[in-house]
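The values are calculated or read from the model by the stated rules, or taken from the named source; none is laboratory data. As the structure is a prediction and not an experimental result, all values here were calculated from the model. Note that we place each Cβ from the backbone using ideal geometry, even for glycine, and neighbour counts take in every protein chain shown.
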Amino acid sequence: MRIVLLSGGSGKRLWPLSNEVRSKVFLKLLRSETGVMESMLQRMCRELDRVGLLSSSCIVTHESQVEITASHVGEGIPVLGEPQKRGTFPAVALAASYFYSVLGIAPQETVVVLPADAYAAPTFFQLLRCFPDVLREGAAEIALIGSVPRSPSAEFGYIVPQAGSPGEGYYHVDRFVEKPDPVTAQKLIAQQALWNCGVFACSLSFLLNSLSERGIGWEYEGLLESYDRLPQESFDREVLEHSRHTVVIPYSGNWSDLGSWDSLSVHLEHQVTGKGSLSPDAHQTYLVNELSLPVHVIGLSGAIVAAGPDGILVADKRRASEIKTALGSSYSMPRYEETRWGTSVILDDNPSKDGPVTVTRKLQIHPGKHTEYHFHHRISEVWTVTEGTGKYILDGIEYVLSTGDIVQIPAGVGHAIQAVTSLILIQIETGGRPGEADCVRLTRSWNIVQE
């Protein structure tokens, strides 16, 4: 059995802590059993590891989030980067082609797809192992997991089972209903409908045949090259809703979709995270502050107050998801990023519609970590080291680096930096264009000689 974790997202639902690079699955707001703060993605991988499925997993995300994904899960899990942000159908197609043409997985093997932002008890992950038997016994093309509803919620889609006797641990599916109003949801619950968890399983051959039916090849590199021509729909609309042989496994344990501040706040250990305070009469209000400045909330109940480098949100928890509409489709350079080597925070920028942009960043590089050897066509940089020691390469020559050093990096010159101790520097970039990705990687290592 193979596992596909769908990660990424637009980064708007949990703004301002999430952004286009650091989406919600990377926010370290959940406390693990050992007392360490972890992200949704890290928790998902930990639960999969507990049931022995992590080693057979891969993660699909947009290529802009490959670096931060690797920093959260390590190097042991394949991370497939999508060239463009599209629907879940292309993401699943990419994983299927990777399994078949790169790993050589047998077509009859079961593939399980699940979102990286689900929050569930360990029994939920144990249930994943039932998929191969249920697919075989139910003579089904696709099998799903549906959560037994706790209320007539309009936040989830519903899976309506067929009338009649169920199979051993599963129901045949009659139809799907997408996020109904509360009255309709109550009627669906009376028909034993289940919340759609977004988790499904099928054989690899079923996925490959779905690609063939749409004129899509199975070769991984070829699919990457033609990614912009793939259907943009979700897998549900493109494939699942047209399948005539679908079953669903009911799950009655703890499950939730951490897709909003309202749903996430239930799982926060404390009402205040970061610097700040809540007044005693601020009932059911949560403060999450990533800034170095304190935030104090007085007399505001039922709210979420979130503050980070990208902005500040103050909202009724029940309406906090409206931020996605408020942000619209306008592009804003992410002010906080995580990578394999550390973090980057924009302290100041001088945007311009037509001319070059000056950006001041604070970089922190973890001990032993390094950037890749690269250059910029337009951007020149100046580094000022404020803390730590390390070394850097400029145009193929290696130099040492320590507190107080200033380094100038002209445009077009290859460079990389490696930390010996924790290394903090202020980087000033000049010459860039608004929204332009001006970075050419020369090697994956930090030293071009090592490649």
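Of note:
- With respect to the stated conditions, A154 is surrounded by fewer than 18 Cβ atoms within 10 Å (Cβ to Cβ) and in contact with a helix residue (DSSP H, G or I) (Cβ under 8 Å, 6 or more places away or on another chain).
- Residue list for segment 19-58, restricted to those being of a type in the set (S, T, N, Q), more than 26 Å from V102 (Cβ to Cβ) and in contact (Cβ under 8 Å) with a residue 40 or more places away in the chain: N19
- Residues of segment 165-186 satisfying the condition of being over 21 Å from C130 (Cβ atoms) and either exposed (fewer than 12 other Cβ atoms within 10 Å of the Cβ) or β-branched (V, I, T) (or both): V177, E178, D181, P182, V183, T184
- As a summary of the residue check, E82 satisfies the conditions (1) out of contact with any helix residue (DSSP H, G or I) (no Cβ under 7 Å at 6 or more places or on another chain); (2) at negative phi except for the one numbered (1).
- Every test in (1) buried (at least 17 other Cβ atoms within 10 Å of the Cβ); (2) not in a helix (DSSP H, G or I) is passed by G52 save one, and that test is (1).
- Some residue of segment 280-303 being among the charged types (D, E, K, R), under 13 Å from W15 (Cα atoms) and touching a strand residue (DSSP E or B) at 6+ places or on another chain (Cβ under 9 Å): yes
- Residue check, N447 over 30 Å from G74 (Cα atoms) and at pLDDT below 90: no
- Listed by first and then second residue, the pairs linking a residue in segment 243-263 that is more than 14 Å from G146 (Cβ to Cβ) and surrounded by fewer than 18 Cβ atoms within 10 Å (Cβ to Cβ) to a residue that is at pLDDT 85 or above and not hydrophobic (A, V, I, L, M, F, W, C), with Cβ atoms under 6 Å apart and 6 or more places separating them unless they lie on different chains, are S243/E141; H245/E141.
- Qualifying positions in segment 378-399 - in a strand (DSSP E or B) and crowded, with 16+ Cβ neighbours inside 10 Å: S380, E381, W383, V385, T389, G390, K391, Y392, I393, L394
Table: residues versus (1) touching a strand residue (DSSP E or B) at 6+ places or on another chain (Cβ under 7 Å); (2) part of a strand (DSSP E or B); (3) under 27 Å from M333 (Cα atoms); (4) among the acidic types (D, E).
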{"site": "L363", "(1), (2), (3), (4)": "yes, yes, yes, no"}
{"site": "L401", "(1), (2), (3), (4)": "yes, yes, no, no"}
{"site": "G412", "(1), (2), (3), (4)": "yes, no, yes, no"}
{"site": "Q427", "(1), (2), (3), (4)": "yes, yes, yes, no"}
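- Residues of segment 284-323 that are within 24 Å of the chain's Cα centre (by Cα), outside any strand (DSSP E or B) and in contact (Cβ under 8 Å) with a residue 12 or more places away in the chain: E290, L291, P309, D310, K317, R318, A320, S321, I323.
- The lone criterion from (1) farther than 22 Å from E67 by Cβ; (2) within 29 Å of the chain's Cα centre (by Cα) left unmet by S422 is number (1).
- Check on S205, under 30 Å from S101 (Cα atoms), surrounded by fewer than 20 Cβ atoms within 10 Å (Cβ to Cβ) and modelled with pLDDT of 95 or more: yes
- Qualifying residue in segment 286-298 (condition: modelled with pLDDT under 95, among the hydroxyl-bearing types (S, T, Y) and either over 29 Å from A121 (Cα atoms) or surrounded by 15 or more Cβ atoms within 10 Å (Cβ to Cβ) (or both)): yes
- Total residues in segment 239-265, condition part of a helix (DSSP H, G or I) and within 16 Å of A143 (Cα to Cα): 3
- Leading residue by the ranking (modelled with the highest pLDDT) among those in segment 56-72 that are buried (at least 23 other Cβ atoms within 10 Å of the Cβ) and touching a Gly at 6+ places or on another chain (Cβ under 6 Å): T61
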